[in-house]
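Before any comments, here is the structure.
The values are calculated or read from the model by the stated rules, or taken from the named source; none is laboratory data. It should be emphasised that the depicted structure is a prediction, and the values quoted were computed from it without experimental measurement. Every residue, glycine as well, gets a Cβ built from its backbone with ideal geometry; the counts of neighbours run over all protein chains shown.
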Amino acid sequence: MKFNNLLKILLTVLFVFASTQTFAKTIKWSMQGDSLTLDPHAQNEGPTTQVSRQVYEALVTRGLDMSIGPQLATKWKAVDPNTWYFFLREDVKFSNGQKMTSEDVVFSILRAKQPTSDFKEYISTISGVKAIDAYTVQIKTSKPNPILLNQLSNIFIMSKKWCHDNFAIVPQNWDASQETFSAVNAMGTGPFKITLREPNTKTVFKKNSKWWGEMKDKSVTEIHLLPIKNAATRVAALLSGEIDLVTDAPVQDLARIGSSSGHKVESTPQMRTIFLGMDQAADKLRTGNTGDNPFKKKEVRQALYQAIDIEAIKKKVMRGLSEPAGIITFPGVTGYTTELDKRLPYDVGAAKKLLADAGYPNGFEVELRCPNDRYVNDEAICTAVVGMLGKIGVKVNLFAQTKSKHFKELKDNQGDFYMLGWGVPTLDSHYVFHYLYETGASWNKVNFSNADVDAAIRVMEGEVDLDKRNAAIANAWKIVRDNIAYLPLHHQVISWASKSNVDVPIRPNNEPLFRFSSIN
Amino acid sequence: MDNKKLNVWDRIRDSDIYFSFIKSPTAIASAIILFIILFCSFFVEFITPYNPFDPSSLSLMDAFTPPSWTEDGVAKFIIGTDGQGRDMLSTILYGSRISLIVGFSAIIFSLVLGVGLGLTAGYFGGKYEMIVMRLTDVQLTVPSILMALLVDGIARGIISREMHDEMAIYVLIFAIGISEWPQFARVSRAATLVEKNKDYVSASTIIGVSNFIIMFKHILPNITRPVLVIGTIGLALAILAESTLSFLGVGVPPTTPSLGTLIRLGNDFLFSGEWWITFFPAIFLVILAFSINLLGDWMRDTLNPKLN
Amino acid sequence: MLVVAFVSFSLFNFVGDPINNMVGEETSDEERAELRETLGLTDPIHIQFSRFIVNATKGEFGISYQLRRPVSELISERLPATIELVLISALIALISGTLLGVYTGINRRGFLSDAILAISLLGVSLPTFVIGILFIYLFSVILGVLPSFGRGEVVNIGYWSTGFLTSSGLKAIILPAVTLSLFQMTYIIRLVRAEMMEILQTDYIKFARARGIKEKSIHYKHALKNGLIPVITIAGINIGTLIAFSIITETVFQWPGMGFLFIQAVQFVDIPIMSAYLVFIAFVFVMINFIVDILYYFIDPRIRVKAESASG
């Protein structure tokens, strides 16, 4: 027995030594922006999660095929609609060598429910969490929650001791510009650990030797994240071989990259829909010129909708890489149908007439807020929209700015007319309604309010009978579609470009999982 | 500069400029190019049928049309269109108008400020002069681009954002102008010091001519030449500074693009084969700055051999 | 220095309400007042100012609005990148500028001289960012010989991260440094040329010729040495310009230096970074002027004599 163990250790040491010695390889990864903070509960935002995902793990997670599977929990069961048990892996260690137990899980879920957490709404149905023994966790919900697993897949588990030692018990307060240890350091159970962090310049991920799982390609030992803001520079860096992988390759350059012999391009429909929001509750537009709020009238919203030539945007701005959308959700999400996703026809004449009928024959003026570094060609789409709306007499002034300011100012209710994109990490329509349509919801900045939709959302949250639940979802989609609560534009298609020998599987949520990467 | 020399200068002033201009092919060529650019930029409405600043007149389906002589080119867009379907030629001309307006205004602003301060400093002397000259020293060490960025940064903080787009061009003029004035101030002060002690100035003072009239009527004409040289070279610098700031994204807003903004926007299409979107504005800017510089160089050699 | 400190202090305090920049709209008035109190914004101006000075001398400028990190940390991270870039390009500009300037100064009417001068004028007319884009396109994309962005591998020596010790670091600095130096180089060429031409007309050079001293020795030992004084002054002052222009070069080449940090700060109205950068630049200018004065003293004997007689 003892001898056996010793042999094992020796072999492992030998193997690790040999593998790191012979095939230490690095993948240099670039995208436009950087993670906003390393604190995994402080910001619920794409690139931030992409970075955290390499270092932190959750109870359950989505695999390459996007289906939910075990991660830190090996199995789980619901003993009644409101009580769940999660059984944890017993061989998990944090990268500092400390064992992960149910204490850490309880701590992390409670941490994500703190007022400074950006996930507190996300898991608002979790009413209690406690450790049954060292490797069993009980989670109670306030009402039956059919999408609990989906939600838990984005709640990362941190070390209780590490957080206590480093004064990071509560998440960093992002809105108050708080500076915490956890915002610039990360220590999780995942396949990588961060050894260097220079925000917006360079982040170095090194393989976590204490990780419980197995890398697909053991020779991949380091990932360098090198954000490059300028699209042309990013492409130049890829083409000249300084970068191995770009996860937001500019659509206009895909042909050029694809024709290069040492490079390849992959595209996949992304789980993200781009749309425009119009504040339909304010009595007077902040940036208008009519003294009232034209967006209050459905005809006006429809006029704007029908004035947008989405096919032209697809062809010219997106170079064919987008799917025009009729609702703010995409294939694969519970509640999506192609019928719902049909757009109202593009019709300038009808749009003009609608506008005149609504009492604005000469149009009006409004400001369109746009991010310029968040979505694929975001600013260019907005510019195109400005031109199209100009043709029906609506004078749109474009205001494009960096994503963090854009989002913050939207949250501060400063937008009349704005662009936003919405992904559905839970793959369930509830996520969309809960954030975008429910009365007073945190991202419902169009101030849409409809009692029937709110009631349907309650059904989605509590109904375990799937037929009834699906009916509620379908009904809610119909209502918001008929009301033209938002102007859907398209589902984004994402494109990753890499060196031919670097293989990182592309995923519809745009999150690379480097544990599945390989270099040939 | 002594009296005799100055008189000689005065006598041949009219002829020598003309003479050396005629003798210098570079000067003629650059002046012609400049004139064409100026003319086209300021009368662009009559030259091209397109107004790239009116978004409703554009068609997105025209976007990325290559120059007319290439395979997919269209005759109505001579040098192609950009990503929004704007005709490149008219966009460039409108853009160069903005660049020129900013450049000229900035130079005039710094000229008035610099000459005003330099004249009065030289004339009145004393503590006032010391302060002004100290200021020019300080200002000279602060690079123009930094000064402009700072002014722009502060303006962004002070002016509300709604106002900022409208104010951007004035902020830019101020920002660039404020960093060019010391040159003017130094030259005019030096000339004033020379003139001040001459008999006719003393005489004028005695017979009660006001300081203002002495400064502007008697002293000012003496510094027109160096000021013209500095102004021309400064104009090229100002245009480049404007395009640089716009390229960095802190200049004029993209809805009314200057040459720098156009280059920044076109830069995204450099690798995708749509080279004309960034190439033409860039080459236009270089030609503009180069011809102004050539003219300035010639002027310096001709008008004021002493000036460095 | 103090003036600049005051400007940047007022920048910090009066450009926009710092409280507004920190909290959202939901924050109640009481909470705002409390935050104001804790930040010491209710103290009289002179106390606030002295506190700013004290903090500034300790290198503390608060926390960046944009990156949520202490400005001092950001600056010390970025400083080495900018300094290395500026030093290298200053060297390139000074050396090649002087050589070309001397050549054109001596051979006044040669074809090569005219060509150099014409190109140098073109160099002044080409905006830095256009040159940068051109270089990237040519050397990185088409030829693929030099990197297009960043610093390559850096080695940390204490607080200092240097790119000089790795081949990728050295390669990475070539394009940005050359781009940055071109504008300065043209100035130095013109300056050296003018100086040379002037000095070669002076009496003592004529005497030297008359004494039969070799032409080469006259050019480099006698003429150039005297001509260098204004060159050094200008080059010194222009280090400041280089630092300012590094903002553009750093943006084009994604060079992780202070200029890149600053331009992002301007776009974001990130006042703490802006005021810190301003104080830093002011400090650099004071230092440069100081050093140039000292160099003067060593190179120009006249000043030394004057100073000695004045003190004696």
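Which of (1) among the aromatic types (F, W, Y); (2) in contact (Cβ under 8 Å) with a residue 60 or more places away in the chain; (3) within 9 Å of chain B (Cβ to nearest Cβ) is the odd one out, the single condition C:F283 does not satisfy?
The one condition C:F283 does not meet is (3).
Each row is one residue, and each column tells you yes or no for (1) more than 14 Å from chain B (Cβ to nearest Cβ); (2) buried (at least 20 other Cβ atoms within 10 Å of the Cβ); (3) small (G, A, S).
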residue: A:L340; (1), (2), (3): yes, no, no
residue: A:R343; (1), (2), (3): yes, no, no
residue: A:Y346; (1), (2), (3): no, no, no
residue: A:K353; (1), (2), (3): yes, no, no
residue: A:G359; (1), (2), (3): yes, no, yes
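Given the conditions (1) buried (at least 23 other Cβ atoms within 10 Å of the Cβ); (2) farther than 30 Å from B:F184 by Cα, report the number of the one that B:F77 does not fulfil.
Condition (1) is where B:F77 drops out.
Within the stretch C:158-199, restricting attention to residues that are among the aliphatic types (A, V, I, L, M) and in contact with a Lys or Arg (Cβ under 9 Å, 6 or more places away or on another chain), which residue is nearest to A:E242 (Cα to Cα)?
C:A172
Given the conditions (1) outside any helix (DSSP H, G or I); (2) surrounded by fewer than 19 Cβ atoms within 10 Å (Cβ to Cβ); (3) within 14 Å of chain C (Cβ to nearest Cβ); (4) of a type in the set (A, V, I, L, M, F, W, C), report the number of the one that B:V250 does not fulfil.
Going through (1) outside any helix (DSSP H, G or I); (2) surrounded by fewer than 19 Cβ atoms within 10 Å (Cβ to Cβ); (3) within 14 Å of chain C (Cβ to nearest Cβ); (4) of a type in the set (A, V, I, L, M, F, W, C) one by one, B:V250 breaks only (2).
Could you check the stretch A:409-439 and list, in sequence order, the residues that are surrounded by 19 or more Cβ atoms within 10 Å (Cβ to Cβ), of a type in the set (A, V, I, L, M) and assigned to a helix (DSSP H, G or I)?
A:V432, A:L436
Looking only at residues in the stretch C:92-110 that are of a type outside the set (V, I, T) and touching a residue at least 24 places away in the same chain (Cβ under 8 Å), which one is farthest from C:L200 (Cα to Cα)?
C:A93
Quick one: in the stretch B:256-276, of everything that is within 16 Å of B:V171 (Cβ to Cβ) and polar (S, T, N, Q), which residue is surrounded by the most Cβ atoms within 10 Å (Cβ to Cβ)?
By that ranking, first place goes to B:S258.
Tell me, yes or no, whether the stretch C:163-174 has at least one residue that is touching a helix residue (DSSP H, G or I) at 6+ places or on another chain (Cβ under 8 Å) and of a type in the set (D, E, K, R).
no
Of everything in the stretch B:177-235, what is among the small types (G, A, S) and closer than 27 Å to B:V138 by Cβ? Give them in sequence order.
Residues satisfying the conditions are B:G177, B:S179, B:A185, B:S188, B:A190, B:A191, B:G231, B:G234.
Scan the stretch C:212-241 and report the pairs whose first residue is more than 13 Å from C:D293 (Cα to Cα) and whose second residue is β-branched (V, I, T) and modelled with pLDDT under 70, with Cβ atoms within less than 6 Å and a gap of 6+ or a chain change.
Every condition considered, the pairs that remain are C:G240/B:T141.
Within the stretch A:250-279, work out how many residues are more than 18 Å from A:I494 (Cβ to Cβ) and within 14 Å of another protein chain (Cβ to nearest Cβ).
Residues in the stretch A:250-279 being more than 18 Å from A:I494 (Cβ to Cβ) and within 14 Å of another protein chain (Cβ to nearest Cβ): 4 in total.
Of the residues in the stretch B:198-228, how many are out of contact with any helix residue (DSSP H, G or I) (no Cβ under 7 Å at 6 or more places or on another chain) and either buried (at least 18 other Cβ atoms within 10 Å of the Cβ) or not in a helix (DSSP H, G or I) (or both)?
5
Looking for whichever is farther than 30 Å from C:I63 by Cα, surrounded by fewer than 20 Cβ atoms within 10 Å (Cβ to Cβ) and out of contact with any Phe, Trp or Tyr (no Cβ under 8 Å at 6 or more places or on another chain) here; the options are C:I294, C:I229. Which one fits?
C:I294
Looking only at residues that are away from every other protein chain (no Cβ under 14 Å) and of a type in the set (G, A, S) in the stretch B:74-92, which one is farthest from the chain's Cα centre (by Cα)?
Of everything passing the filter in the stretch B:74-92, B:A75 is farthest from the chain's Cα centre (by Cα).
Filter the stretch C:154-168 for residues that are surrounded by 14 or more Cβ atoms within 10 Å (Cβ to Cβ) and under 19 Å from A:N200 (Cβ atoms); which is farthest from the other protein chains (Cβ to nearest Cβ)?
C:G163
Taking only the stretch B:42-70 into account, find how many residues are crowded, with 16+ Cβ neighbours inside 10 Å, in a helix (DSSP H, G or I) and within 14 Å of chain A (Cβ to nearest Cβ).
4
From the set of residues in the stretch B:254-306 that are in a loop (DSSP other than H, G, I, E, B) and hydrophobic (A, V, I, L, M, F, W, C), which is farthest from the chain's Cα centre (by Cα)?
Among those that are in a loop (DSSP other than H, G, I, E, B) and hydrophobic (A, V, I, L, M, F, W, C), it is B:F271.
Going by the structure shown, is A:D412 within 14 Å of chain B (Cβ to nearest Cβ), within 22 Å of A:T48 (Cβ to Cβ) and of a type outside the set (V, I, T)?
Spelling it out, A:D412 is indeed within 14 Å of chain B (Cβ to nearest Cβ), within 22 Å of A:T48 (Cβ to Cβ) and of a type outside the set (V, I, T).
Where in the stretch C:181-294 are the helices (runs of 4 or more DSSP H), entirely inside, with at least 2 residues that are under 12 Å from the mean Cα position of the chain (by Cα)?
C:224-253, C:258-268
Can you name the residue in the stretch A:373-408 that is among the hydrophobic types (A, V, I, L, M, F, W, C), at the interface with chain B (Cβ under 9 Å from one of its Cβ atoms) and within 24 Å of the chain's Cα centre (by Cα) and is also surrounded by the fewest Cβ atoms within 10 Å (Cβ to Cβ) among such residues?
A:A400
A:G423: within 14 Å of another protein chain (Cβ to nearest Cβ) and either more than 29 Å from B:L60 (Cα to Cα) or in contact with a Gly (Cβ under 8 Å, 6 or more places away or on another chain) (or both), yes or no?
No.
What's the number of the condition A:E45 fails, among (1) surrounded by 19 or more Cβ atoms within 10 Å (Cβ to Cβ); (2) under 23 Å from A:Q401 (Cα atoms); (3) within 14 Å of another protein chain (Cβ to nearest Cβ)?
Of (1) surrounded by 19 or more Cβ atoms within 10 Å (Cβ to Cβ); (2) under 23 Å from A:Q401 (Cα atoms); (3) within 14 Å of another protein chain (Cβ to nearest Cβ), only one is false for A:E45: (1).
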